[in-house]
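**Q** I'd like to ask some things about the structure below.
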Amino acid sequence: MKINGKHYRAIWREPSGEVKVIDQRWLPHELRIVTLANRKDFADAIYEMWVRGAPLIGATAAYGVAVQMAEDPSDASLDETYEVLHATRPTAINLKWALDEMNRVLRPLAPEARAEAAYKRAAEICDEDVEINRRIGLNGLEIIREIAAKKGGGRVNVLTHCNAGWPATVDWGTATSPIYHAVEEGIDVHVFVDETRPRNQGAQLTAWELNSHGVSHDLIVDNAGGHLMQHGEIDLVIVGTDRTTARGDVCNKIGTYLKALAAKANGVPFYVALPSPTIDWTVQDGVKEIPIEERGPEEVTHVQGKAADGAIISVQISPDGTGARNPAFDVTPAELVTGLITERGVVAADAEALAAAFPDLASR
Ligand SMILES: CSC[C@H]1O[C@H](OP(=O)(O)O)[C@H](O)[C@@H]1O
């Protein structure tokens, strides 16, 4: 999407062959573009969240395989790369999906043919993600149109959590794609952006991208969402997902479950933008079966921001010696989900509806 009027994807390959990403750790204050030159760079970029967001993690891993195949296309290298990249972050299923896809394409090939094929497939995965997200936007636009019509063309207030915007994907975003399409159509949309502790992806990334596109929005603390819903200030919630089960349980950034409970209690529609590579057909019960990443306590005890002199610093907000727990995701049971906005339409959050929408994938 656009940064200062110029179009970017969140990951791309230069004509020179270099793979580049935006190092999102420094946004919104600094735009740092980095080259990922070897397998370790790709592993570090995913684990340390230079890049993040389920679809972007998958796309990055795909290019990580390609870069390693150019270095060493042997079976052992292919196997080791799968293990190294798969070990970076456990929750987003797109990582495994992309690595499995690269293995499917590369395993049958002679080693000398693997690098070219890997770069080709990685580029296709990126292009497919962009098209999937564009279609999610068009399907989600219908929901926003209906709410706008019921309000006589009045403002549609959307709450988002974390960042499921274009920096979480190759382009468009998932939860933000319907918003961008609605704004482009002239619908009056306002977004309440959950800051999303502890890493503040909402404050640092969603607010940044909405600013760049002139989308009306307010930043709110995570704990304000229920209050706004009680007072009729939220018309719908749209969130992303890192893994959705075959029966429609939705794993997403920590705090999503609480938003879904508040939405249910206040009759606010709760939608999940769901690209099909984020569906894990092998699991049913999200709470019991999805591995929840536990990240370091420092993400909770410290916060990063821009100092008065412009330097980006991290400050400690809790006492020396205070420990912290940092589960990075939670699971919203399907019964709290109004609908799943997929590239093939809006689907009910249940096994039958998902299997009917994706018979080609569910039966694999
Ligand atoms: C479009 S997937 C975005 C999804 O990923 C985020 O997690 P993280 O920033 O830790 O990678 C968050 O759960 C978003 O909803």
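The values are calculated or read from the model by the stated rules, or taken from the named source; none is laboratory data. What you are looking at is a predicted structure, and each value in this text was computed from that prediction instead of being measured. All Cβ positions, even for glycine, are placed from backbone atoms using ideal geometry, and neighbour counts span all protein chains on display. Accessible surface is based on the protein model in full, side chains and every heavy atom, while ligands, DNA and RNA are left aside. Shrake-Rupley method; radii C 1.70, N 1.55, O 1.52, S 1.80 Å.
**Q** Across the range 157-185, what is the number of residues that are crowded, with 24+ Cβ neighbours inside 10 Å and outside any loop (DSSP other than H, G, I, E, B)?
**A** 11
**Q** Among the helices (runs of 4 or more DSSP H) contained in the range 244-315, which hold 1 or more residues that are within 20 Å of Ala348 (Cα to Cα) and either in contact (Cβ under 8 Å) with a residue 12 or more places away in the chain or within 16 Å of the ligand (Cβ to nearest atom) (or both)?
**A** 256-266, 286-289
**Q** Among the numbered criteria (1) within 16 Å of the ligand (Cβ to nearest atom); (2) in contact with a strand residue (DSSP E or B) (Cβ under 7 Å, 6 or more places away or on another chain); (3) open to solvent by 10 Å² or more (accessible area, probe 1.4 Å), which single criterion is violated by Glu131?
**A** (2)
**Q** Go through the range 48-83 and give me each residue that's within 30 Å of Val272 (Cα to Cα) and of a type in the set (A, V, I, L, M).
**A** If the condition is that a residue be within 30 Å of Val272 (Cα to Cα) and of a type in the set (A, V, I, L, M), then Met49, Val51, Ala54, Leu56, Ile57, Ala59, Ala61, Ala62, Val65 are the ones that fit.
**Q** If I filter the range 50-70 for residues that are on the phi < 0 side of the Ramachandran plot, open to solvent by 50 Å² or more (accessible area, probe 1.4 Å) and not aliphatic (A, V, I, L, M), do I get at least one hit?
**A** no
**Q** Being assigned to a loop (DSSP other than H, G, I, E, B) and small (Gly, Ala, Ser) is the filter; apply it to the range 211-243 and report the residue that is surrounded by the most Cβ atoms within 10 Å (Cβ to Cβ). Please lay out each step first, then the result.
**A** To start, the set of residues in the range 211-243 that are assigned to a loop (DSSP other than H, G, I, E, B) comprises 213-216, 221, 231-235, 240-242.
Subset that is small (Gly, Ala, Ser): 214, 216, 232, 240.
Details: Gly214: 9, Ser216: 12, Gly232: 11, Gly240: 29.
It comes out as Gly240.
**Q** Right, here's the next one. Quick one: in the range 1-18, of everything that is within 15 Å of Thr35 (Cβ to Cβ), of a type in the set (Gly, Ala, Ser) and loosely packed, with under 13 Cβ neighbours inside 10 Å, which residue is nearest to the chain's Cα centre (by Cα)?
**A** Checked the range 1-18; the qualifying residue nearest to the chain's Cα centre (by Cα) is Gly17.
**Q** To continue, here is another question. Failed condition for Ser77, given (1) open to solvent by less than 20 Å² (accessible area, probe 1.4 Å); (2) in contact with a Leu (Cβ under 8 Å, 6 or more places away or on another chain); (3) farther than 19 Å from Ala45 by Cα, with all others met?
**A** Every listed condition holds for Ser77 apart from (2).
**Q** Quick one: in the range 172-218, which of the residues that are touching a Lys or Arg at 6+ places or on another chain (Cβ under 8 Å) and on the phi > 0 side of the Ramachandran plot is farthest from the ligand (Cβ to nearest atom)?
**A** Trp172
**Q** Just one of Gly345, Gly310, Gly286 is open to solvent by less than 20 Å² (accessible area, probe 1.4 Å) and farther than 19 Å from Lys96 by Cβ; which is it? Working first, answer last.
**A** Numbers: Gly310 fails: open to solvent by less than 20 Å² (accessible area, probe 1.4 Å); Gly286 fails: farther than 19 Å from Lys96 by Cβ.
Checking each option against the conditions leaves just Gly345.
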